[in-house]
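The values are calculated or read from the model by the stated rules, or taken from the named source; none is laboratory data. What you are looking at is a predicted structure, and each value in this text was computed from that prediction instead of being measured. Cβ coordinates were reconstructed from backbone atoms using ideal geometry, including for glycine residues, and neighbour counts include every protein chain displayed. All accessible areas refer to the heavy atoms of the entire protein, side chains included, with ligands and DNA or RNA removed. Shrake-Rupley method; radii C 1.70, N 1.55, O 1.52, S 1.80 Å.
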Amino acid sequence: MKKLVVLGAGLAGTMAVNRVRPRLDEDEWEITIVDQDETHIYQPGLLFIPFGMYQAADVKRPRRDFIPSGVRFVLAPIEGVDPAAQRVTLGGGRQLEYDYLIIATGTTPRPEQTAGLLGDAWRDSVHDFYTLEGATALAHRLERWDGGRIVVNVMELPFKCPVAPLEFVFLADWWLQEHGMRDRAEVVYVTPLSGAFTKPVSSRRLGHLLEEKKVGLETDFYTEHVDASAGKIVSYDEREVPFDLLVSIPVNMGADFVGASGLGDELNHIPVDRSTFAAEGHPNLFALGDAAELGTSKAGSVAHFAAEVFTANFLRGLRGLPPHEEFDGHANCFIESGFGKAMLIDFNYTTEPLPGKFPLPGVGPFTLLEETEMNHWGKLMFRWTYWNVLLRGKDLPLPSRMLLAGKETA
Amino acid sequence: MTTTLIAGREIHVDEEGFMTVPAEWTEDLAPLLAKQVGIDELTPDHWVVIRFLRSDFAAEGETATLRRISTNAGVPTKRLFELFPQKPGKKMAYVAGLPKPKGCI
Ligand SMILES: Cc1cc2nc3c(=O)[nH]c(=O)nc-3n(C[C@H](O)[C@H](O)[C@H](O)COP(=O)(O)OP(=O)(O)OC[C@H]3O[C@@H](n4cnc5c(N)ncnc54)[C@H](O)[C@@H]3O)c2cc1C
């Protein structure tokens with residue numbers, strides 16, 4: 001029996017086993033997937049929890065419901081990978097041998113990486129929303145909120161779902177208006193980048209939104225520490241931004257065992273080949289989803305398009321064939337903008353987000369780079385798509401490669 | 001793509017003046033590029049950073065982030081801000097003749 005082991009039963013790992021299992025003979029291939037807990041969290045839904053739009057129950061499902069038959073689910077923390085011995089070590093010293101390994105353990109917020117973030121004020125005046133616990137604590141905090149200065153601060157790049165903090169800012173503006181507090185509240189977006197939107201077309205088309213929504217912007221701000229007792233964040237070049245409520249996007253890092261195995265970069269993300277998704281020097285070891293460093297956004301849509309390319313090339317590789325195509329970095333993201341509207345962007349490595357209609361050229365129903373109600377419905381529908389299409393390893397009615405048809409040139 | 005004359009040589013640059021052909025860069029260009037971003041003198045510490053950026057780019061095909069430099073070249077982030085004030089990420093890339101670090105959207 002040949003052994004394929006998949007580490008992490010989040011979006012990418014679950015998608016991979018659903019795609020690969022039907023295509024590999026059950027008499028020849030044993031497939032195992034490992035995760036540390038039983039509950040799959042729909043992470044895009046975490047954005048809506050602080051504002052009371054979703055509850056915890058709306059984003060949780062049992063992992064096993066999505067693992068196909070013929071795949072063994074192992075519940076255990078992963079503690080190490082030894083690529084030379086082709087062996088994974090799990091908690092309690094248990095070991096798994098593999099012929100092929102897929103690492104799909106994602107990336108997680110690490111508040112301990114920023115001095116002062118994890119102090120007494122954590123989950124009091126200092127929050128995050130990238131975990132269910134964080135999003136829920138923030139919802140409770142906002143229930144008691146009565147105005148003041150909300151600062152949303154990105155600590156480090158890259159982080160998953162690069163649009164989520166902007167969506168948070170837009171929703172905060174809407175939520176404050178709904179609750180009649182907008183005149184007593186400030187919303188400020190603080191980023192290490194040189195703008196809220198940095199690609200020329202998006203910044204031209206969407207840059208005005210922050211101003212319109214009266215959201216303050218502090219750019220090129222690389223946070224050195226959080227001084228929670230004084231209520232301020234301080235950058236390496238000694239600028240200060242005061243806050244009453246800090247909503248941080250902590251440093252995002254891949255799993256510690258990735259770092260310990262020597263496969264990762266300085267943030268424990270694994271640089272991989274863009275067509276095979278293999279780690280350098282390890283033709284039988286792959287990384288998918290947020291765990292991989294591909295030079296594109298870490299997002300569910302990217303993981304989905306990449307999984308299509310990976311599966312095709314992995315199966316070709318098993319037959320001794322060269323990879324067919326290279327992943328083009330395709331990403332497609334709805335950006336919730338408040339007041340029942342959203343925007344949509346579609347881009348890849350070489351083409352920046354362009355305006356136009358999507359997915360049907362000229363028809364839509366979605367409109368790229370503009371705020372529409374239809375896009376908002378698209379964003380809400382994404383949860384259904386996530387559970388029923390993406391996780392199950394089915395194809396979206398969209399090609400993995402980005403299409404230029406239907407798009408304008410600027 | 002446009003070109004500009006630096007030290008009597010024709011160099012390819014983008015709209016913001018970042019070099020687009022890393023192979024056109026030589027060490028003697030660095031002090032001239034540095035002056036354009038307000039750095040009058042390149043100290044040995046500047047050179048540690050510039051040489052790391054060049055060799056890392058040759059290996060990875062991407063401009064290193066501040067975190068990558070502080071972890072792998074041993075220059076603390078705080079020091080990077082002293083060496084290349086205000087916008088170290090951009091300024092370092094500019095002086096080392098590399099593409100500017102990427103944004104997301
Ligand atoms: C607030 C927020 C909003 C988002 N919005 C969107 C959006 O609108 N659109 C979009 O496309 N994407 C969005 N994303 C991103 C999307 O959720 C991720 O890109 C996606 O989940 C990546 O899948 P993954 O399988 O790589 O990682 P994950 O889904 O995070 O799965 C990783 C799995 O590995 C397991 N694991 C990790 N370490 C270990 C270990 N040591 N031992 C055992 N198990 C381990 C974890 O338990 C987890 O199940 C959002 C993310 C967040 C946080």
Counting all C-alpha pairs of region A:110-249, share separated by more than 20 Å (%): 43 percent
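What is the mean number of Cβ atoms from other protein chains located within 10 Å of the Cβ atom of each residue in peptide A:260-270, rounded to a whole number?
2
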Looking at chain A, send over the antiparallel percent of its DSSP beta bridges, to the nearest 5. 50 percent
In whole angstrom, the spacing between the Cα centers of region A:65-140 and region A:1-56 equals 13 Å
What is the extension gain from A:GLU408 to A:GLN113, computed as 0.36 nm multiplied by their sequence separation minus the C-alpha to C-alpha distance, in nm to one decimal? 102.0 nm
Distant alpha-carbon pairs in region A:278-356 (separation over 17 angstrom), percent: 54 percent
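Work out the FRET efficiency for B:HIS12 and A:GLU212 from their Cβ-Cβ distance, taking R0 = 45 Å, and round it to the nearest 0.05.
The pair B:HIS12/A:GLU212 has a calculated efficiency of 0.75.
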Using protein heavy atoms only (no ligands, DNA or RNA), what is the total accessible area buried between B and A, 1.4 Å probe, nearest 100 Å²? 1900 Å²
Protection proxy ranking, peptides A:28-39, A:153-164, A:289-300, A:105-116, average beta carbon neighbours within 10 Å, highest first: A:289-300, A:153-164, A:105-116, A:28-39
How far apart, in nanometres, would the label points at A:ARG392 and B:GLU24 be if each is projected 7 angstrom from Cα along the Cα-to-Cβ direction? 5.3 nm
Gain in length, A:ARG316 to A:GLU38, computed as 0.36 nm per residue apart minus the alpha-carbon separation, to one decimal in nm? 96.8 nm
If you average the C-alpha positions of region B:38-105 and of region A:230-308 separately, how far apart do those two centres end up, in angstrom? 20 Å
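Can you tally the net charge around A:ARG123? Count Lys and Arg as +1, Asp and Glu as -1, for every other residue whose Cβ sits under 11 Å from the Cβ of A:ARG123.
Computed value for this residue: -3.
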Calculate the translational D of region A:319-410 in whole µm² s⁻¹ from Stokes-Einstein, where the hydrodynamic radius comes from the Kirkwood formula applied to all Cα pairs, the temperature is 25 °C and the viscosity 0.890 mPa s. 172 µm²/s
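A:THR385: net charge of surrounding residues, Cβ under 13 Å, Lys/Arg +1, Asp/Glu -1, itself excluded?
+3
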Could you order peptides A:320-327, A:202-209 by the average number of other Cβ atoms within 10 Å of their residues, highest first? A:202-209, A:320-327
Take the alpha-carbon centre of region A:154-211, take the same for region A:346-410, and report the distance between them in whole Å. 21 Å
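Jot down the per residue volume, in cubic angstrom and as a whole number, of the convex hull over the alpha-carbon atoms of region A:224-296. Don't skip to the end; give the middle numbers.
Values: hull volume 9.4 nm³, N = 73.
Considering the Cα atoms of region A:224-296, their hull volume per residue is 129 Å³.
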For chain A, set up a GNM with springs between Cα atoms under 10 Å and report which of A:THR367, A:THR350, A:THR385 has the largest fluctuation. A:THR350
Could you do me a favour and compute the accessible area per residue for region A:331-390, 1.4 Å probe, result in Å²? 38 Å²
Between the residues A:TYR349, A:LEU360, A:SER337, the Cα farthest towards the positive end of the dipole of region A:331-390, that dipole coming from +1 and -1 charges on the beta-carbon of Lys, Arg, Asp and Glu, is from A:LEU360
Largest fluctuation, A:ALA135, A:ALA306, A:ALA76 only, Gaussian network model of chain A with Cα springs under 10 angstrom, belongs to A:ALA76
What helices does chain A have that are whole DSSP H segments, at least 20 Å long along their own axis by Cα, and with mean Kyte-Doolittle hydropathy of -0.5 or more? A:164-178, A:300-318
When only Cα pairs under 8 Å and 6 or more residues apart are kept, what is the percent relative contact order across chain A? 17 percent
Helix B:44-60: inclination vs chain B longest Cα principal axis, degrees, rounded to 10, gives 80 degrees
Please work out the FRET efficiency for the pair A:ALA230 and A:ALA57, using the Cβ-Cβ distance as r and a Förster radius of 45 Å; give the result to the nearest 0.05. 0.75
Residues with beta-carbon under 13 Å from that of B:ILE11, excluding B:ILE11: net charge, scoring Lys, Arg +1 and Asp, Glu -1? -3
Cβ charges +1 (Lys, Arg) and -1 (Asp, Glu), total dipole of region A:237-306, debye: 380 debye
Using only alpha-carbon positions, what ratio does the radius of gyration of the protein assembly as shown give when scaled by 2.2 N^0.38 Å? 0.98
How big is the charge dipole of the protein assembly as shown about its Cα centre, in debye rounded to the nearest 20, if each Lys and Arg gets +1 on its Cβ and each Asp and Glu gets -1 on its Cβ? 940 debye
Computed over the Cα atoms of chain B, what is the ratio Rg over Rh, Rh following Kirkwood? 0.94
